[in-house]
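Here's the structure we're looking at; comments come further down.
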Amino acid sequence: VSETGSLSIIVLGASGDLAKKKTFPALFNLYHQGFLNPDEVHIFGYARSKISDEELRDKIHGYLVDEKNASEKAEALSKFLKLIKYVSGPYDSEEGFKRLDKAISEHEISKKTSEGSSRRLFYLALPPSVYPSVSKMIKAWCTNKSDLGGWTRIVVEKPFGKDLESAEQLSSQIGALFDEPQIYRIDHYLGKELVQNMLVLRFANRLFLPLWNRDNIANVQIVFREDFGTEGRGGYFDEYGIIRDIIQNHLLQVLCLVAMEKPISLKPEHIRDEKVKVLQSVIPIKDEEVVLGQYEGYRDDPTVPNDSNTPTFATTILRIDNERWEGVPFILKAGKAMSSKKADIRIQFKDVPGDIFKCQNQGRNEFVIRLQPSEAMYMKLTVKQPGLEMQTVQSELDLSYKQRYQGVSIPEAYERLILDTIRGDQQHFVRRDELKAAWEIFTPLLHRIDKGEVKSIPYKQGSRGPAEADQLLKKAGYMQTHGY
Ligand code: BG6
């Protein structure tokens, strides 16, 4: 695979929300940091609306810089915007895609490097309903035809289907057109700094190796909270709900990295093999280990049906039936319109046998990895309270990224992942069998929810979610610590 030559990045759905808020800003940041060579790269927007190059540039302009850094980045911005061209056309018409191919080919001729290879990256910032037709059109009209090498890759975003059957159908449709190494299924949580840190933490620290198992760990929590509701996305959200939106993908991916065995190397296939094994070891979820919630006011959105049972909050307990994890609950929790915006992984260790200090009820050891906001890791330890008395207190070994890595900017998940797609590194992307195994875990529960057999309990906006969820955590053996 040649890694030089012309590079065309084609953003399909160029005027949609995802493209404006995530894809183009990530591309601009890569450009600004020198990862996109202006002698090679060209960016194409494709969408249905009939607008000019200039109009597309105007639409995205405001998302690329903020007031604080606008003047510092002004020159780079104007050069970057000039690299963007727009082609309009429907998502299922030969004619549109032929025009797109023509535009890409012209660019390739104008930017021929000595190797003359052609790299074409298609980013589908589109609803999944059009993935099959768009993939067909790309395959038929727009793939790389250079004799001198290069590649064609496509990037797709969740939701990949609504359940096991629809996901498999989608995978087969796309799989009939492109080979697995050409397909990049993004789960943007895999691009987050502290998620990427997980394997280093686990496998490069002697400290954790002997502790990371059922003998020492009481429970694991992976929690996502947002302090706002569905905000104008009610129609989309109501079809999917919080399990499909967050838990089945983002939180489950994190669970894999927490629970997997050490891969034999860092090769993407070796890592993904281990993740699949974790997913395949999860036993069916029991209804009594699920609490669903829906925030009050959710149904006020005119695009949401009055009798919707769609959960905006869920706590589910997953159990991994293998030697390392048998008996350890993995608690996955996600909610919209909650009291705070936070995502973290919380590993709670077991009690110390023989509690000579009588400090058990002060709390257990916990290792917390805060994915966002303010990336951090801290370890809760029991220490002697400073002073003349022999008293104990819970304290923290605290690694806060802002303090420790001052001046280092943490890349946005999308920046990193787009760079990986250009480099051909699939480690942080979801493989087809991984996706299938993830749907196998949640599909039976999702079908019961869709039929109304598992009900969502109302909760107040800005709260912790239904009280039943805290009771479930307690039942699962989670010992609440101070301030959490
Ligand atoms: C998306 C979900 O995948 O992730 C959204 O569809 C959610 O509902 C978003 O708000 C959260 O991403 P982040 O990076 O802000 O945690």
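Quick note: the coordinates plus some simple rules give every number you see, no bench work behind them. All figures in this text were calculated on a predicted structure; none of them were measured in a lab. Quick reminder, even Gly has a Cβ in these numbers, built from the backbone with ideal geometry, and neighbours come from all protein chains shown.
Taking the Cα centre of the chain as origin and assigning +1 to Lys and Arg Cβ atoms and -1 to Asp and Glu Cβ atoms, the resulting dipole is close to 520 debye.
In the stretch 313-346, what trypsin sites (Lys or Arg not before Pro) fall in a loop by DSSP, with at most 16 other Cβ atoms inside 10 Å?
Working: sites: R319, R324, K333, K336, K341, K342, R346; in loops: R324, K336, K341.
Answer by residue number: R324, K341.
Antiparallel as a % of all DSSP beta bridges within the chain, to the nearest 5? Mind dumping the intermediate values first?
Values: 40 of 79 bridges.
Approximately 50 percent, going by the DSSP bridge assignments.
Does the stretch 96-218 come out rounded, prolate or oblate by the C-alpha gyration tensor, with a ≥ b ≥ c the root eigenvalues, rounded set by a/c under 1.5 and, if not, prolate when a/b is larger than b/c and oblate if not? Because a/c hits 1.5 or more and a/b fails to exceed b/c, the stretch 96-218 counts as oblate.
Over 26 Å between Cα atoms: which of K73/K139; K22/K85; K162/K286; K192/K275 fall into that group? Walk me through the numbers on the way to the answer.
Numbers: K73/K139 37 Å; K22/K85 18 Å; K162/K286 20 Å; K192/K275 17 Å.
Beyond 26 Å between Cα atoms: K73/K139.
Ranked by the mean number of other Cβ atoms within 10 Å of their residues, highest first, the peptides 137-147, 395-405, 302-312 come out as 137-147, 302-312, 395-405. Can you pull out the GluC sites (Glu not before Pro) in the stretch 317-392 that DSSP calls coil and that have at most 10 other Cβ atoms within 10 Å? Sites meeting the loop and neighbour criteria: E323, E389. Estimated from helices alone, the mean residue ellipticity of the chain at 222 nm is -9500 deg cm²/dmol (sum of -39500 (n - 2.57) over DSSP H runs with n ≥ 4, per residue). Relative protection proxy for 210-220, 439-449, from highest mean packing down: 439-449, 210-220 (other beta-carbon atoms within 10 angstrom).
What is the Cα centroid distance between the stretch 309-332 and the stretch 112-188, reported in whole angstrom? Comparing the Cα centres of the stretch 309-332 and the stretch 112-188, I get a distance of 32 Å. With Cα atoms defining each centre, the stretch 194-212 and the stretch 247-304 are spaced 20 Å apart in the structure.
The Cβ shell under 12 Å around G297 holds other residues with a net charge of -1, Lys and Arg each +1, Asp and Glu each -1. Rounded if a/c is under 1.5, else prolate if a/b is larger than b/c, else oblate: which is the stretch 33-170, with a ≥ b ≥ c the root eigenvalues of its Cα gyration tensor? Since a/c reaches 1.5 but b/c is at least a/b, the shape of the stretch 33-170 is classed as oblate.
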